[in-house]
1. Rounded to the nearest 0.05, what FRET efficiency do A:E290 and A:E340 give with R0 = 51 Å and r taken as the Cβ-Cβ distance? Could you check?
2. Rounded if a/c is under 1.5, else prolate if a/b beats b/c, else oblate: with a ≥ b ≥ c from the C-alpha gyration tensor eigenvalues square-rooted, which is the range A:32-118?
3. Normalise the Cα radius of gyration of the protein assembly as shown by 2.2 N^0.38 Å (N = residues in it) and let me know the number.
4. When the helices in the protein assembly as shown are scored as -39500 (n - 2.57) per DSSP H run of 4 or longer and the sum is shared across all residues, what 222 nm value do you end up with, to the nearest 500 deg cm²/dmol?
5. Counting partner chain Cβ atoms within 10 Å of every residue's Cβ in A:124-134, what's the average?
6. Helix B:14-25 versus the longest principal axis of chain B: what is the Cα-based angle in degrees, 0 to 90, to the nearest 10?
7. Using a 1.4 Å probe and counting only protein heavy atoms, arrange A:K323, B:K14 so the residue with the most accessible area comes first.
8. Measuring with a 1.4 Å probe in the full set of protein chains, what accessible area per residue, in whole Å², belongs to the protein assembly as shown?
Amino acid sequence: MSEKVLMKGNEAVAESAIRAGCRHFFGYPITPQTEVAAYFAKRMPKIGGTYLQAESEIAAINMVLGAGGSGARAMTSSSSPGISLKTEGISYICGSDVPCVIMNIERGGPGLGGIQPSQSDYFQATKAPGHGDLHVIVLAPSGVQEMADITYNAFDLAEKYRMPCLILGDGILGQMMEPVELPEPKEISAEDKPWAACGHENKREHNIINSLYLDPAELEQKVRARYERYAEIEKNEVRFEEYKTDDADIIITAFGATSRVAKSAINTAREMGIKAGLVRPITLWPFPKEILAKLADRVKAFLSVEMNMGQMVDDVKLAVNGKKPVYFFGRTGGIVPTAEEIVAELEKINGGAAK
Amino acid sequence: MSIYVISGHYGSGKTNIAINLAYELLNKGTVAIFDLDVVNPYFRTADFTDRMRSDGISVIAPVFANTNLDTPALTGEFANIYSGVYDNVIVDVGGDDSGAFALGQYAEGIANSGDWNHWYVVNFLRTLTLTITDNIELMRDIENAGKLPFTGIVNNTNLGAETTPETVLRSEETAKELSRVSNLPLLFTSVAEGISVGNATTPIKRIRIATKRYW
C-alpha cells in the first residue's frame with residue numbers, strides 16, 4: 001500500500017488514469033477541469049506518454065477514437081460545454097465499439113453557463129451522450145478517493161464491454177482536496193485486444209474501426225448485438241451506496257457531491273426524529289432500479305436532491321413506478337444545495353418534525 | 001512597509017498561510033491581502049473576504065473572483081501592493097508558474113520597495129512536489145514567470161483532515177534538504193492547531209485552517 005497523498009479530485013483522476021496504463025490524453029482546457037490536462041501535461045512527457053492539447057474538443061475526442069481504436073488506453077476530459085462538443089465523437093466511438101474514458105467535471109449551464117459546480121448534464125450523460133441507439137457507462141464518484149478508484153477501474157470496464165466509460169463529476173469534486181491512497185501502477189499491452197487496429201504484419205486479417213454500415217440489416221444486427229451487451233451491463237455492473245436505509249421512512253436519492261450534503265442533512269433530520277436514509281447511485285447508467293423498487297415497498301416517500309432542475313428524479317420515478325410519492329429538491333446555476341434546505345424539505349414531506 | 005509574496009504549487013496551502021500571516025501582522029499596523037490568484041476558480045482567499053474585512057484586514061481580489069465569469073481581471077488597485085498605502089502587504093499568488101505570471105507585472109515595484117519577502121510554500125505530500133527535484137524545478141519555473149526570486153521556504157506538509165504528528169515530523173528532513181539544495185532558509189513548518197509536534201526539529205508555526213465547506 002502506498003503512502004497517502006493530498007490531491008485535488010482532478011489530479012487524482014489524472015494520476016489514477018496513468019496508473020491504469022493510460023498513456024494517451026487528448027484535451028482542451030476548460031474550467032473547472034483544467035487541472036486534469038495540466039497534470040497530464042506535466043506527467044506524460046516524463047513517462048513516455050502523450051499529452052496533446054488539441055485545437056478543439058471535437059478534435060480531442062476524435063483523437064481518442066483513433067488511439068482507442070489502435071488498442072491504447074486513451075482518455076479525454078472536459079466540462080459541460082466541452083462535452084457537448086464531444087458528443088458527435090462519442091457517438092462514433094460507440095458505433096465503432098472502441099473503449100475509452102471520458103470525464104465531465106460539470107459546471108452551470110445551459111450554454112456557456114458558468115464555472116461553478118452543477119449536475120445538470122445528467123440527462124446528457126445517461127440518455128443522449130451522442131446520437132443513435134447507444135449507451136455509455138456513467139460513473140458518479142462522490143470524493144477524491146472514489147475519483148481515483150473509479151478512474152482506475154473505468155479503463156477495465158470500458159475494455160470489457162468495448163465502449164466509453166463516462167465519469168460524471170462536478171466542479172466541487174474536481175477542485176476539492178482530500179487524502180487519497182493511489183492504486184498500484186500497471187502495464188497494459190495493445191496486443192491483448194484482437195479487434196484493435198494496431199498493425200497486422202500480414203499475419204492476420206486486418207481490423208477495421210468503423211461506424212458506417214451500408215446495409216441496414218447489418219446495422220440493425222450490430223446495434224442489437226450491442227444492446228445484448230448493454231443488458232449484460234445492466235445485470236452485472238450496477239453499483240450504489242446505501243446510507244442509513246435500514247429503518248428509513250424517507251429515502252433521499254443523490255449522487256456525487258450532492259450526496260455528501262444529503263448525508264449531513266440525514267444526520268440532522270434523524271436528530272429531529274425524521275428517519276431519513278440515502279441511496280447514492282455510483283453507476284448512473286446502469287441505474288440502480290432494483291434497490292429503489294425494493295425500498296418502495298417499505299418506505300413512505302422518496303426525495304431526489306440534485307444540482308439541477310430535476311433530472312435523475314425521472315429515473316427514480318420510473319424505478320419507484322408509482323408505488324410511493326417521489327419529491328424533488330434542487331439548486332442550479334452553480335448553487336450547491338445546503339443541508340438546511342434539504343432538512344426543510346424532509347420536514348415538509350414528513351408533515352413537520354416528529355415529536 | 002513590509003511585503004510578503006506567497007507562491008508555490010497549487011494546493012500547497014498558500015491561501016491558508018496568507019490568511020494566518022494577515023492576522024499575525026494585525027498588531028504591526030495596517031494589513032492588506034491581495035488575492036492575485038487568476039488560476040483557481042473555487043477555493044481561494046476571496047472566500048473569506050467578509051470575515052477578514054470585519055476583522056480590519058483590507059482584501060483586494062480580482063474583479064470577478066467567485067463569480068460565474070472566468071475572467072482574470074486585476075484592477076488598478078493592485079498597484080497599491082508597493083505604493084506604501086498599507087504597512088503590511090500580503091500577496092497570495094496563484095499556483096505554479098501559470099499563476100505566477102500575474103505577479104510579473106508587479107515584481108519590479110516589489111523588488112524596489114525595500115522590505116520584501118517571497119515565500120515558497122510546499123506540501124511534500126502533493127504528487128507533483130514529492131521530491132527535491134520536483135520542487136527545485138517548480139521554484140525555477142515560478143521565479144522565471146513571476147520575475148521575483150524566492151527568499152525563504154515554508155513547509156506546509158499536511159494530509160488535510162487526516163494530518164497526524166508523523167505526517168509533519170516525517171516531512172522535516174525533506175524540508176531541510178530542500179533548504180540546503182536551494183540555498184534558501186527554511187522559515188518555519190506550519191502545523192494546524194491541535195496537532196502535537198513536541199519533538200519537531202524545525203521552527204514550528206501554528207496555523208488555523210480556513211476552509212470552505214459545502215457539507
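1. On the way: r = 32 Å, r/R0 = 0.63.
That pair, A:E290 with A:E340, gives E of 0.95.
2. Oblate.
3. Values: Rg = 25.3 Å, N = 570, 2.2 N^0.38 = 24.5 Å.
My calculation over the Cα atoms of the protein assembly as shown gives 1.03.
4. It comes out at -11500 deg cm²/dmol, rounded to the nearest 500.
5. What the average comes to for A:124-134 is 0.
6. Once rounded, the angle reads 80 degrees.
7. Of A:K323, B:K14, the descending order of accessible area is A:K323, B:K14.
8. 40 Å²
The values are calculated or read from the model by the stated rules, or taken from the named source; none is laboratory data. Remember, it's a predicted structure, so these values are computed and weren't measured experimentally. Cβ sites come from the backbone with ideal geometry, for glycine too, and all protein chains shown count toward neighbours. Each accessible area value is taken on the protein alone, full model and side chains, heavy atoms only, with ligands, DNA and RNA left out. Shrake-Rupley method; radii C 1.70, N 1.55, O 1.52, S 1.80 Å.
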